[in-house]
Amino acid sequence: MTTRIGVGVMAALLVLYLVVVGDRAFKFLATGQPVAIVIGVALLVLPVIGVWALARELMFGVRAERLGRILEAENALPANELPVRPSGRPERDAVDAIFPEYRAAVEEFPEDWRAWYRLGIVYDGAGDRKRARHAIREAIKYSSAR
C-alpha cells in the first residue's frame, strides 16, 4: 500500500509540474523571440517525455502485480522459507543457492511467463534490480502473447 501512496504522490507532483511548466512554456512562446520560443518548445516536450515514462512505469507495475496475484492464487510463488535480514529481505547467500533452479526453469521453458516471473523474484531477492525488472518484463511479454 505504501508503494501505491508513493506512486499517487509522484503522479500528483507530475501534474502540478505540468501545470507550472506549461504556463511558463506558453509565456516563453508568447514573447516571439527565437531563443524564448526554443525554450518554450523544450518546456512543452520534456514534460511529455516525463508523462510517457511515468505511464510506462505505472503499466509495468499494474501488469507485474496482476501476474503476481495469479501466481499467488496458484500457490506458485517461490517459497518464503529463506532466512531473512532484519529488513525482511532474503539473505543473499540463500538466494544464490536457489538461483540455479529458477534459471534452469527459464532455460528449459523460455516462453513460460511463470518461470520468468519467478526468476525475477529471485533476482530481486538477490538485489539485482536490473535483471529482476528484465525478467518481469519478459514474463509480461509472454503472458500477453497467449
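Readers should treat all values here as calculations from the given coordinates under stated rules, not as data from a laboratory. No experiment lies behind these values; they were computed from the predicted model shown. Note that each Cβ is placed from the backbone with ideal geometry, even for glycine, and that neighbours are counted across all protein chains shown.
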Cα-based Rg of the chain normalised by 2.2 N^0.38 Å, two decimals: 1.45
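Using the 10 angstrom Cβ neighbour count as an exposure proxy, how do 74, 65 rank, fewest first?
On the way: 74 9, 65 12.
Listed from fewest to most nearby Cβ atoms, that is 74, 65.
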Length-normalised contact order of the chain in % [C-alpha pairs under 8 Å, at least 6 apart]: 15
Spread of Cα-to-Cα distances over 5 Å intervals beginning at zero, given as percent, for the stretch 22-64: 5, 25, 19, 13, 12, 9, 8, 6, 3, 1
Folded to 0 to 90 degrees: helix 92-108 orientation relative to the chain principal axis, Cα: 90
Crossing angle, helix 129-144 versus the chain [Cα axis fit, 0-90 degrees, rounded to tens]: 90
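Kindly identify the stretch 92-144 as rounded, prolate or oblate by the Cα gyration tensor criterion: order the square roots of the eigenvalues as a ≥ b ≥ c, call it rounded if a/c is under 1.5, otherwise compare a/b with b/c, prolate if a/b is larger, else oblate. Could the numbers behind the result be given before it?
Details: a/c = 3.01, a/b = 1.44, b/c = 2.09.
Oblate, because a/c is 1.5 or more while a/b does not exceed b/c.
Taking neighbour counts of Cβ atoms within 10 Å as a proxy for exposure, in what order, fewest first, do 123, 117 appear?
Details: 123 22, 117 27.
Least to most surrounded, the residues fall as 123, 117.
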Per-residue [θ]222 nm for the chain (sum of -39500 (n - 2.57) over DSSP H runs n ≥ 4, rounded to 500): -28000 deg cm²/dmol
Separation between Cα centres of the stretch 123-146 and the stretch 65-92, rounded to whole Å: 14
